[in-house]
Amino acid sequence: PEDCAVFHCRGCWAVLGDSLHLCAQEERRLGLLVCFKVTKDVAWEESLMIGLEGALLGCAYSALLCRSCGSIVGFILYSASSDLAYLRGFFCFFKDSIICYLLKKQVIIEASKMNFPAVTLKE
């Protein structure tokens, strides 16, 4: 594919995933790239957190961490409102916590400025 990208931690450049495992994008509320598979450089907290405000209000989730630097790079939803239910069990990266390396063009770009082909889990 033309736009194959590798997702890196913004803090330390560890490889977290790639666009071949991208299965959804959520732009409006959370600014997420959603993947069904990540690298071993991604860890998640065993304890669940409960969203007390904002878009994750009432949701139960575990934070995703970069193993190399400890930065929070996203979350895994376990319980969610009906409008976010399609994200449950997937690896959700915050676009502002990662950067993308485009393989074919050999350039680095902000994840928030990337436009991947439309993929969705809602259907």
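So, of the residues in the stretch 19-34 that are more than 18 Å from residue 71 (Cα to Cα) and crowded, with 17+ Cβ neighbours inside 10 Å, which turns out to be modelled with the lowest pLDDT? Out of the qualifying residues, it is 26. Number of residues in the stretch 47-69 that are polar (S, T, N, Q) and more than 17 Å from residue 90 (Cα to Cα) equals 1. Selection within the stretch 41-80: residues that are among the aromatic types (Phe, Trp, Tyr) and open to solvent by 40 Å² or more (accessible area, probe 1.4 Å). The member of this set that is farthest from residue 18 (Cα to Cα) is 78. Could you please let me know if residue 109 is aliphatic (A, V, I, L, M), surrounded by fewer than 15 Cβ atoms within 10 Å (Cβ to Cβ) and within 11 Å of the chain's Cα centre (by Cα)? Taking the combined requirement at face value, the residue does not satisfy it. Just so you know, in the stretch 57-72 the residues that are of a type outside the set (Gly, Ala, Ser) and not in a strand (DSSP E or B) include one that is nearest to residue 97 (Cα to Cα), and it is 69.
I'd like the residue in the stretch 81-99 that is in contact with a Gly (Cβ under 9 Å, 6 or more places away or on another chain) and polar (S, T, N, Q) and, out of all such residues, is least open to solvent (accessible area, probe 1.4 Å). Among those that are in contact with a Gly (Cβ under 9 Å, 6 or more places away or on another chain) and polar (S, T, N, Q), it is 97. The residues in the stretch 27-56 that are of a type in the set (Gly, Ala, Ser) and either within 13 Å of the chain's Cα centre (by Cα) or assigned to a strand (DSSP E or B) (or both) can be counted, and the count is 3. Of the residues making up the stretch 96-111, those that are over 28 Å from residue 29 (Cβ atoms) and either of a type in the set (A, V, I, L, M) or assigned to a strand (DSSP E or B) (or both) number 2.
Within the stretch 89-101, is even one residue out of contact with any Leu (no Cβ under 8 Å at 6 or more places or on another chain) and among the hydrophobic types (A, V, I, L, M, F, W, C)? Yes, some residue in the stretch 89-101 is out of contact with any Leu (no Cβ under 8 Å at 6 or more places or on another chain) and among the hydrophobic types (A, V, I, L, M, F, W, C).
The values are calculated or read from the model by the stated rules, or taken from the named source; none is laboratory data. Quick caveat: nothing in here was measured; it's all calculated off a predicted structure. With ideal geometry, Cβ positions are generated from the backbone for all residues, glycine too; neighbour counts draw on all protein chains shown. When the accessible area is computed, the model is the full protein with side chains, heavy atoms only, and any ligands, DNA or RNA have been set aside. Shrake-Rupley method; radii C 1.70, N 1.55, O 1.52, S 1.80 Å.
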